[in-house]
Amino acid sequence: MSPLPSFPRDFLWGVSTSAHQIEGAADERGASVWDAFTAVPGRVKDGTTAAVACDHYHRYREDVALLRDLGVDAYRFSVSWPRVLPTGTGPVNAAGLDFYDRLVDELCAAGVRPVPTLFHWDTPLAVQEAGGWRSRATAGLFAEYAAVVAARIGDRVEKWITLNEPAEHTLLGHALGQHAPGERLLFDALPVAHHQLLAHGLAVRALRAAGARDIGIANSHGPTWPASGADEDTAAADFYDVLLNRLFADPLLLGRYPDGCGELMPSPDPDADLEVIAEPLDWYGINFYQPTKVGAPLPHTTEFSGLTLPPELPFTPREIEGYPVTDFGWPVVPEALTELLTAFRDRYGERLPPLVITENGCSYEGLDDQERIAYLDGHLRALHRALEAGVDVRGYFVWSLMDNFEWAEGFRQRFGLVHVDHDTLERTPKASYHWLREALRARHA
């Protein structure tokens, strides 16, 4: 395999994780929606929970040492809202906030920049019971929580992320019920999208009031390909693209919802809400895994990428053929990343801030994970082609540092550069870890 092309000297290299997926120590924080969700038999495919996960809460020093040895510039982790505020508001859990204080100190001492995400799907259970993300009040509670975190670690954190993947949180958790909190609202889940975006804007204001100056969001995006040139397939693909891509990017970057969407959002003052949502960003994060082929709806329930899709949806994803697939069954299409990034540049123009790839990765078994090396190599070359085409991309984060609790899949899917034995919790760097370490060292050769 030939060496990677040269990236700008100030390009940011990192890896990502999330609190619920790795921290464990569930009895040392407040309950989250995921604790309630995984307690119901059958909701997680292997029957596991994240009560222990990777025990990062107690083993964080070992994990930071892995980051230091890997040679990344930055570590994107998430802060657990119920670990900081067990009921989502009110008294702070001092031990929980102390943990993130120690983690940030450890990262800084190792020369690794801390990049916290304030919400990665683990809503406090008490907040959910009071209405959750269907309630406008949750956006205000989230901004208060953001201020609490910033007051404690903001003196050492330069780069912040408000929310992770509000589209997936809306679709999987509230529309289809296949992630926590397990609600099956279909299009009645749209208020969840609006309240998350409002929470983002309020959190941006809270962070800036605390002195933060480098704030973004991590949205999941991918090209949408029509299943054919037939009118019904292109219409379905356009609808899907609006729902999963533009519904969560247009309000942030253009200050408006796509046509036909704004009037579906609950708001006493839509213009005022959009002004909050469109608070200027310092950068925009994109999580990319795959493109999606979409066709007209099929008149029966379908299975797609581990999801059960009801026939009520006005579209049905189709399998993309002719490409290798990961252990998750996701197609490996590096050129789709170039397509996505250039499309963002063309669509949003001067309204588009610098981009950062905040997640990109794949699930494969084994320590000698040559497939993961090929995946990362291919996507980094695709990213470089976007840079050559003039797209302003400032950084790249691999998902994930270590094998973890992969939501409704449990521990069945392994996305890590580091293998975790889920019985002993032993960490073992994989071939991909060593490949990335050598690639990062070559920057300074």
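Details
- Per residue solvent-accessible surface (Å²) - region 289-445, probe of 1.4 Å: 40
- Solvent exposure, largest accessible area first (probe 1.4 Å, DNA, RNA and ligands not counted), of LYS430, LYS45: LYS45, LYS430
- Choice from ALA278, ALA230, ALA95 showing the highest fluctuation, given a GNM over the chain with Cα pairs closer than 10 Å: ALA230
- Whole-percent carbon and sulfur share, accessible surface of the chain, 1.4 Å: 51
- Summing charges over all other residues whose Cβ lies under 12 Å from the Cβ of VAL420, with Lys and Arg as +1 and Asp and Glu as -1, gives -4.
- Region 362-428 and region 280-304: distance between their alpha carbon centers, rounded to Å: 19
- Among beta bridges identified by DSSP and lying wholly in the chain, the antiparallel ones come to about 25 percent.
- Separation in nanometres of the label points that stand 7 Å from Cα toward Cβ, at SER2 and ALA389: 2.0
- A P(r) calculated from all alpha carbon pairs of the chain, with 10 Å bins opening at zero, reads 4, 22, 34, 29, 10, 1 percent.
- Between the beta carbons of GLU426 and ALA109, assuming R0 = 25 Å, the FRET efficiency works out to 0.55 to the nearest 0.05.
- Dividing the mean sequence gap of close Cα pairs (under 8 Å, 6+ apart) by how many residues the chain holds gives a relative contact order of 17 percent.
- Accessible surface for region 209-248, divided over its residues, is 40 Å² per residue with a 1.4 Å probe.
- Full extension of the chain between ASP155 and SER267 gives 36.8 nm of extra length, using 0.36 nm per residue less the Cα-Cα distance.
- Positive contributions from Lys and Arg (+1) and negative ones from Asp and Glu (-1), summed over other residues with Cβ under 15 Å from the Cβ of VAL148, come out at 0.
- Spatially, region 189-265 and region 129-164 are offset by 19 Å when compared through their Cα centroids.
- The label point for GLU409 and the one for ASP98, both projected 7 Å from the Cα toward the Cβ, are 3.6 nm apart.
- Computed over Cα pairs, the Kirkwood radius of region 8-112 leads via Stokes-Einstein (1.306 mPa s, 10 °C) to a diffusion coefficient of 106 µm² per second.
- Accessible area per residue for region 31-136, computed on protein heavy atoms with a 1.4 Å probe, is 35 Å².
- For region 311-348 versus region 65-114, the gap between their alpha-carbon centres in whole angstrom: 33
- For GLN128, net neighbour charge (Lys/Arg +1, Asp/Glu -1) across residues whose Cβ lies under 11 Å away: -3
- Per-pair calculated FRET efficiency, R0 = 41 Å: ARG213 and ASP27 via Cβ, rounded to 0.05: 0.65
- Listed by number, the DSSP H helices of the chain that run 18 Å or longer by alpha-carbon position along their axis and have mean Kyte hydropathy of at least 1.6 come to an empty list.
- Using the rule -39500 (n - 2.57) for each DSSP H run of four or more residues, divided by the residues of the chain, the 222 nm mean residue ellipticity is -11000 deg cm²/dmol.
The values are calculated or read from the model by the stated rules, or taken from the named source; none is laboratory data. No experiment lies behind these values; they were computed from the predicted model shown. Cβ coordinates were reconstructed from backbone atoms using ideal geometry, including for glycine residues, and neighbour counts include every protein chain displayed. Just the protein is used for accessible areas: all its heavy atoms, side chains included, with ligands, DNA and RNA removed. Shrake-Rupley method; radii C 1.70, N 1.55, O 1.52, S 1.80 Å.
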